[in-house]
1. Go over the candidates Lys58, Lys45 one by one and state the one that is loosely packed, with under 13 Cβ neighbours inside 10 Å, at pLDDT 95 or above, closer than 18 Å to His116 by Cα and within 19 Å of the chain's Cα centre (by Cα).
2. Within the range 77-93, how many residues turn out to be under 14 Å from the mean Cα position of the chain (by Cα) and either of a type in the set (A, V, I, L, M, F, W, C) or surrounded by fewer than 21 Cβ atoms within 10 Å (Cβ to Cβ) (or both)?
3. Please find, within the range 109-134, the residue that is farthest from the chain's Cα centre (by Cα) out of those that are over 30 Å from Thr24 (Cα atoms) and loosely packed, with under 15 Cβ neighbours inside 10 Å.
4. Return the residue satisfying two criteria in turn: it lies in the range 17-42 and is open to solvent by 20 Å² or more (accessible area, probe 1.4 Å) and part of a helix (DSSP H, G or I), and of such residues it is nearest to Arg111 (Cα to Cα).
5. With respect to the numbered conditions (1) of a type outside the set (Gly, Ala, Ser); (2) without any contact (Cβ under 8 Å) to a residue 40 or more places away in the chain; (3) part of a helix (DSSP H, G or I); (4) over 18 Å from Tyr25 (Cα atoms), which one is the sole condition not fulfilled by Arg101?
6. Would you tally the residues in the range 63-72 being in contact (Cβ under 8 Å) with a residue 40 or more places away in the chain, surrounded by fewer than 18 Cβ atoms within 10 Å (Cβ to Cβ) and part of a strand (DSSP E or B)?
7. Is it the case that some residue within the range 141-148 is more than 21 Å from the chain's Cα centre (by Cα) and open to solvent by less than 50 Å² (accessible area, probe 1.4 Å)?
Amino acid sequence: MVVFAIIPGTEAVAGGEIIERVETYPVSGRTGIELYRSIGERGPKSGVGRAIAHTTFKLTWRRDYRPQGTSCTLVSAVPRLIITYTLPKPSNPLPPETRKRWDTFIDGIRRHEQVHGVHMKEMVAEIEANTIGATAENDPGCKKIRQDIQAPLGAASLRQRQRSSDFDRIEMAEGANMHRLILGLVNGD
């Protein structure tokens, strides 16, 4: 079952919008270890295995290119960023002690995924800063400018992916935040 929810505080960026939503996938079990095993079986696919949670985005733009004599300028770029957080959700009520550990676990997972969302928002801001106002000379048909902005778009995307990868590596190291959250769920306090 997939549940959609728009997170309060949907933001506008430079006249555009950012929509954050949560999708869940069902996990089952009555103990922390059973829930964690279910996550391993049902979590979103990531590389060769499965992840506990996942954050993805869809980014579209409304761009206004304006010819100015023989040149062309990108005068505005209005983003629409949809960030989707995919999180596990127990399919049945949990015993009180398991519920307490689950709540701590999922709160930490949600906060971790929201950092990825921040990286995505910062990527959009970087793209805006590095493309709006760009001008291509000898481009009265506004074709060259579209190619010229591809380099800063690609660079911002690569930086976002690298930041998220670096963040995951730190968070998932032995003894780090994610490791502690998992141990807290499966072993208790």
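1. Values: Lys45 fails: at pLDDT 95 or above.
Only one candidate passes the filter, namely Lys58.
2. The qualifying residues number 7.
3. It comes out as Gly133.
4. Tyr36
5. Answer for Arg101: the failing condition is (2).
6. Going through the range 63-72 one residue at a time, the tally reaches 4.
7. yes
The values are calculated or read from the model by the stated rules, or taken from the named source; none is laboratory data. Fair warning: this is a prediction, and the values are worked out from it, not measured in the lab. For neighbour counting, all protein chains shown are included, and Cβ atoms are generated from backbone atoms with ideal geometry for every residue, glycine included. All accessible areas refer to the heavy atoms of the entire protein, side chains included, with ligands and DNA or RNA removed. Shrake-Rupley method; radii C 1.70, N 1.55, O 1.52, S 1.80 Å.
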